[in-house]
Structures are given as C-alpha cells and as structure tokens.
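Note sheet for the following structure.
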C-alpha cells in the first residue's frame, strides 16, 4: 500500500510539474500589449502569419514541423524528391546531410546555423518572441538576428500566431490529451487499490495477515 501511494503521489507530482507549474518554462517578464496578445493567440491569423514568416524570416530560419525550410534549401530541386521519399517533414539526419552546403553557408554568414523555430513558441513564449522579433539587439545584445520587422507589431503578432499553431496542438487535441492524462492517473490509482486488496486477500489465505 505504501509503494502504491508513493508511486501515485510521484505520478501526480510529475503531471503537476509538466502541465501546471512547468519549471522548465521561461520565467522572464516581457511586456506585450493586450491587442497583440489576442492576435498571437488567435489561430485565424496563422495563415497570414505564415506568409509573413516566409517573406521576412525564411531566408534564414526553418520550421521543420510545417515543412518550411530556409529559402536556399526550399529552392534546391532535390528537396521535392526527398520529400516524396521521406515525407514532407524530412528526418533530421537526411535534412542535414542532403543540404550540408546550404547549412554551411548559413553558418558562415551568421556564425552558426539559425535555429529551427518549430518549438520556439513553447520554449520562449509569445511575450519574449514579440519583443525579440521587434528589437532583437535590445533583448539579446550581440545577436546576429537582424531587425527585419522593427516597427511592425501587428505583423509580428501574426508571425507568432503562426509559430504557435505549429508548436501547439489544437484546442480539441489539448482537451483530448488532458482527458487522457486524467484517465491514466485514475487508472493507476484504481489498479493500485485493487492490487493492494488482492495482496491482502492472498496474505490472509496464507495466514500471514
């Protein structure tokens, strides 16, 4: 019974840390006007945000989860053939091997290959991204990120909406995952109780209880 209670508590603590109080999430404080927060959180702006991303960010960055690659790679005729073979989202090893020259050129230009932004929304949050995209040097002095969209907060918020749509599941999928998590915890608790009852009965039959 003690072991069951211990593992149940451990499971609850794990889900609490991951879902409610994620210690790995960013905790820096950045300001973001409410009207732009609403845009960033609205999936209706994701399509327009993708177009803005392709116009302003794709020269350097990729969003592999959405099969969006840097412009030099997107223009490579080998990309289509590889996607037909491996799917739209190329495996990382295939991607890095097939486009080594393009990635090396990006590294030479910026000192390192600009990061893929598939999960940047989850890693940094909308407030950080809003401030960094608008004023990269102010948020991260010395960064090689150019201020390509400075003075355009609405467009920035739409790009964030796109990045959010790529990195986060839909509302229905979130609800499904939450229900699955609750169901898993309930299953562990019920099974723990049943195992304890079964164990007690076995010990009683053996005269050890």
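Any read-out appearing in this document is the output of simple, stated calculations on the displayed coordinates, not a laboratory observation. The structure displayed is predicted, hence computed values, not measured ones. Quick reminder, even Gly has a Cβ in these numbers, built from the backbone with ideal geometry, and neighbours come from all protein chains shown.
From 45, 95, 86, 36, which residue is over 16 Å from residue 166 (Cα atoms) and touching a residue at least 60 places away in the same chain (Cβ under 8 Å)? Of the residues listed, the single one that is over 16 Å from residue 166 (Cα atoms) and touching a residue at least 60 places away in the same chain (Cβ under 8 Å) is 36. Considering (1) touching a residue at least 40 places away in the same chain (Cβ under 8 Å); (2) part of a helix (DSSP H, G or I); (3) farther than 30 Å from residue 12 by Cα, the lone condition that residue 117 does not fulfil carries the number (2). Residues that are farther than 15 Å from residue 6 by Cα and surrounded by 12 or more Cβ atoms within 10 Å (Cβ to Cβ) were ranked within the range 180-199; the one that is farthest from the chain's Cα centre (by Cα) is 199.
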